[in-house]
Amino acid sequence: QALASFNLDLKRLPLGVPSERQIQLGIDVLNKIENKLNGNLEPSSYSQLSSQFYTSIPHSFGRRRPPVIDSKEDLQSRYD
């Protein structure tokens, strides 16, 4: 129930819980987004980085397009 509230795709996650590797990959991508938000040169766009994040930790948005993580508020909500 709690994981579903984060729009996680529980059907694509084994036993409905993200692995440590998935979480680490997601955090690595969020760190890249944070560096880009802080003005560091990051060759990937926010859209590409967001896509990488949602691929590493599957989310369920139905038919809606996943939101781009391009602000500190969006970033913080994903860290939480």
Practice task
Starting from the stretch 42-70, keep only residues that are farther than 19 Å from residue 24 by Cβ, then list their pairs with residues that are among the small types (Gly, Ala, Ser) whose Cβ atoms are within a distance under 7 Å, requiring at least 6 positions of separation or different chains.
Solution key: 66/50; 68/47; 68/50
Practice task
Collect the residues in the stretch 34-67 that are crowded, with 16+ Cβ neighbours inside 10 Å and modelled with pLDDT of 85 or more, keeping them in residue-number order.
Solution key: 34, 36, 37, 46, 49, 50, 51, 52, 53, 54, 56
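The values are calculated or read from the model by the stated rules, or taken from the named source; none is laboratory data. Since the model is a prediction, treat every value here as computed from it, not as a measurement. Cβ atoms come from the backbone with ideal geometry, glycine included; neighbour counts cover every protein chain shown.
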